[in-house]
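Quick notes on the structure that follows.
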Ligand code: DON
């Protein structure tokens, strides 16, 4: 089922209006001090379609910290650099556990379940960092994202990166644990410094929806990875993109998505659209509460689903 363009404009503004009035907006992440101060009364949505249109509503122009959404770009970059060799160091199974859990790492001898939980993302960043410098890698990653979005103004928020370096004890624990199993090639400080900077990239919903177009696989959208690779990344977004909330998101929305604790979610409707939603308050899984609700509504109104 498809939706005419005129309808999409109406749908996104209806959703933004509905989200504006919500009282229960979830809780803003407070373990990264810079994020704790963000006003939860914000909501943005943007939908980029293959005909070159961008539908926006609410706070779609306000930049936010993309946090774990950056793991999608690091994964695409890593697959481009080392291909399937990545899977020797990280798996492709959902973990059923919180994004920062260390539990399975002991049982599974330092091989993280997937590239979207923190342990797996740290290994992914370590893989592409090995043999270059944090500055070079972050520059290359930013170039990839800027090309995807066709926007050279996308940048890293240094204060957010510093804030997480100062408080990221859990990620340091994960990194040292990975290193003890031989699954971290660079010094933990280097890999984590790079990872925290990658997470501190800022984008608005409008920029993120444009930056996600390379995963839609539609004529008229940038094709920075092969169709086969885009499919695989989408499969991982569907099964692991929301951590222990992945089943809930797949059930309610039926589209691949990747969330971040900044409150952003990038969602792909294959062949149809790249969608970004943002609201800083999080649900019990650490995913945007209103962002998830908004995507539920959008999927209902458009009929978009990978399940037909
Ligand atoms: O490593 C962290 O904890 C954060 N930089 C990113 C975590 C995150 O975004 C989880 N997503 N919902």
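Values in this text are rule-based calculations from the coordinates and carry no lab data. Computed from a predicted model, the values in this text were never measured in an experiment. Cβ atoms come from the backbone with ideal geometry, glycine included; neighbour counts cover every protein chain shown.
Treat the count of other C-beta atoms within 10 Å as a stand-in for reagent exposure and order 248, 293, 126 from fewest to most.
Listing 248, 293, 126 from fewest to most nearby Cβ atoms yields 248, 293, 126.
For segment 239-308, build the convex hull from the C-alpha positions and give me its volume per residue in Å³. Before the final figure, lay out each step's value.
Details: hull volume 4.8 nm³, N = 70.
Taking only Cα atoms, segment 239-308 has a hull volume of 69 Å³ per residue.
With r defined as the distance between the Cβ atoms of residue 54 and residue 284 and R0 fixed at 35 Å, what FRET efficiency is calculated, to the nearest 0.05?
Calculated transfer efficiency: 0.65.
Cα gyration tensor of segment 17-98, axes a ≥ b ≥ c as square roots of the eigenvalues: rounded (a/c below 1.5), prolate (a/b > b/c) or oblate?
Oblate is the answer for segment 17-98, as a/c is 1.5 or above yet b/c matches or exceeds a/b.
Comparing 162, 71, 53, which has the greatest mean-square fluctuation in the GNM of the chain with Cα pairs linked when under 10 Å apart?
53
Residue 62 to residue 226: FRET efficiency via 1/(1 + (r/R0)^6), r the Cβ-Cβ distance, R0 41 Å, to the nearest 0.05? Each step should come with its number before you reach the end.
Details: r = 33 Å, r/R0 = 0.81.
According to the calculation, E is roughly 0.75.
Between the alpha-carbon centers of segment 168-215 and segment 267-308, tell me the distance in whole angstrom.
Rounded to whole Å, the Cα centres lie 23 Å apart.
Below 8 Å between Cα atoms, with a sequence gap of 6+, how large is the relative contact order for segment 68-201 in percent?
31
Using a ≥ b ≥ c from the Cα gyration tensor of segment 11-58 (square roots of the eigenvalues), is it rounded, prolate or oblate, where a/c under 1.5 gives rounded and otherwise the larger of a/b and b/c decides, a/b for prolate?
oblate
Using 0.36 nm per residue, how much length does the chain from residue 300 to residue 219 gain when fully extended, once their Cα-Cα distance is taken away?
26.7 nm
If you line up the long axis of helix 169-180 against the longest principal axis of the chain, both from Cα atoms, how many degrees apart are they, to the nearest 10?
Helix 169-180 sits roughly 50 degrees off the main axis of the chain.
Using Cβ contacts closer than 10 Å as the measure, can you line up 238, 203, 295 from fewest to most?
In increasing order of surrounding Cβ atoms, one gets 238, 295, 203.
What's the exposure ranking of 8, 255, 35, going from fewest to most Cβ atoms within 10 Å?
8, 35, 255
Which residue fluctuates most in the GNM of the chain (Cα springs below 10 Å): 171, 283, 152?
152
Suppose the chain between residue 155 and residue 130 were pulled fully straight at 0.36 nm per residue; how much longer would it get relative to their current alpha carbon spacing? Mind showing how you got there, number by number?
Numbers: separation 25, 0.36 × 25 = 9.00 nm, distance 2.26 nm.
So the chain would gain 6.7 nm between residue 155 and residue 130.
Rounded to a whole number, what is D in µm²/s for the chain from Stokes-Einstein with the Kirkwood radius over alpha-carbon pairs (10 °C, 1.306 mPa s)?
84
Separation between the residue 24 and residue 252 pseudo-spin-labels, each 7 Å from Cα along Cα→Cβ, expressed in nm?
1.0
Under the definition of Cα pairs under 8 Å and six or more residues apart, what whole-number percent is the relative contact order of the chain?
27
Helix-only estimate, please: 222 nm mean residue ellipticity of the chain, summing -39500 (n - 2.57) across DSSP H runs of length 4 or more and dividing by its residues, to the nearest 500.
Here the helix-only value at 222 nm equals -14000 deg cm²/dmol.
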